[in-house]
Amino acid sequence: MKRSLQAALFFAAATVALLFLALPVVAIFTRVPPGRLVRLLSNGVVTNALVVSLRSTAIAEALILLFGTPLAYFLATRRFPGRAFLVTVVELPLVLPPAVAGIGLFAAFGRTGLFGSTLDALGLQIPFTLAAVVFAVALVASPLYVRTAIAAFEAVDPDLVAASRTLGAGPAKTFFRVALPLAGGGLAAGAALSFARALGEFGATIMFAGSLRGVTQTLPLAIYEQFSLDFDTALAMGALLVLVSVALLLSLKLSLSYWPWQPSRRTSVSVFARSS
């Protein structure tokens with residue numbers, strides 16, 4: 001009897017937790033008929049915000065991959081005094097309140113910021129432009145990629161890297177032909193996570209870029225604006241972001257299933273053979 005009661009309480013707690021997590025997502029699609037949700041997506045507010053979101057996120061993701069991958073490889077393969085501090089700096093935007101991230105960008109790149117006079121001299125203005133959106137989403141999303149990439153590179157068999165160097169491959173060739181393919185699953189997972197985070201960024205963006213329709217207003221900012229104006233349109237944009245998030249989550253799971261972080265010996269040997 002006591003065991004049955006414990007099992008029932010455990011099941012009830014698990015059910016409550018599952019319902020709490022699932023109901024808000026389900027409610028988005030049940031509040032408005034699917035056909036109307038699709039029609040609402042043709043609203044100019046939605047299309048403008050979608051274009052800004054996709055442009056800014058794509059640019060930010062490209063910059064994250066371009067600069068974050070070498071940084072992650074460096075931190076994963078080097079041990080030196082101060083490394084722990086640098087890793088902490090990389091992780092810090094993950095725990096910063098979004099408003100702090102936004103005001104920090106202002107303090108660095110605003111007209112009166114650290115680089116404000118330099119940017120003015122070059123005729124550049126960052127705040128309240130598409131560049132500001134890119135800066136904001138890159139700041140908050142890059143730690144997810146870099147931290148995951150560090151773990152992926154650390155999982156690469158160091159003997160393969162050393163063997164590649166011993167056989168005459170330079171650092172660049174070893175990186176592109178050995179380390180990068182073997183860490184590919186982890187890098188793909190980090191890229192998916194950072195892309196999802198960038199697409200949903202709100203706080204730092206509205207602080208540093210504002211919410212100018214067709215210029216800096218992303219989908220999360222448009223949802224906030226439409227929440228008090230046209231709730232159905234806000235729901236339609238929310239549904240769109242849910243579908244994108246589901247697609248990213250599925251791609252993340254597939255990348256981890258078919259391209260594991262810790263390669264098998266057969267995979268490692270085949271990749272090394274191609275690099276030689």
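The values are calculated or read from the model by the stated rules, or taken from the named source; none is laboratory data. Owing to the predicted nature of the structure, the values given are computational and were not obtained by experimental measurement. Note: ideal-geometry Cβ built from the backbone for every residue, glycine included; neighbour counts use all protein chains shown.
Quick notes on this one:
- Flag if V38 is in a helix (DSSP H, G or I) and within 18 Å of the chain's Cα centre (by Cα): no
- Selection within region 94-122: residues that are within 24 Å of A62 (Cβ to Cβ) and of a type in the set (G, A, S). The member of this set that is surrounded by the most Cβ atoms within 10 Å (Cβ to Cβ) is G102.
- Within region 72-91, tally of residues that are loosely packed, with under 12 Cβ neighbours inside 10 Å and part of a helix (DSSP H, G or I): 4
- Sub-8 Å Cβ pairs linking a first residue in region 109-128 that is farther than 15 Å from M207 by Cα and free of Cβ contacts under 8 Å to residues at least 24 places away in the same chain to a second residue that is among the hydrophobic types (A, V, I, L, M, F, W, C) and assigned to a loop (DSSP other than H, G, I, E, B), at least 6 apart or interchain, are L119/I126, ordered by first then second residue.
- Whether a residue is within 26 Å of E91 (Cβ to Cβ), of a type in the set (D, E) and surrounded by 18 or more Cβ atoms within 10 Å (Cβ to Cβ) was assessed, and E154 does not pass this test.
- Scanning region 122-142 for residues being over 13 Å from the mean Cα position of the chain (by Cα) and among the β-branched types (V, I, T) gives a total of 3.
- Answer from V134, V215, V161, V178 - the residue that is modelled with pLDDT of 90 or more and crowded, with 17+ Cβ neighbours inside 10 Å: V134
- Some residue of region 208-222 being touching a Ser or Thr at 6+ places or on another chain (Cβ under 6 Å), in a loop (DSSP other than H, G, I, E, B) and among the β-branched types (V, I, T): yes
- Of the residues in region 155-176, none is within 11 Å of the chain's Cα centre (by Cα) and hydrophobic (A, V, I, L, M, F, W, C).
- Near pairs, Cβ below 6 angstrom, 6+ apart or cross-chain, from region 74-102 (farther than 16 Å from F153 by Cβ) to any residue that is part of a helix (DSSP H, G or I) and of a type in the set (F, W, Y): G102/F208
- Restricted to region 34-67, and to residues there that are at pLDDT below 90 and small (G, A, S), the residue that is farthest from E225 (Cα to Cα) is G35.
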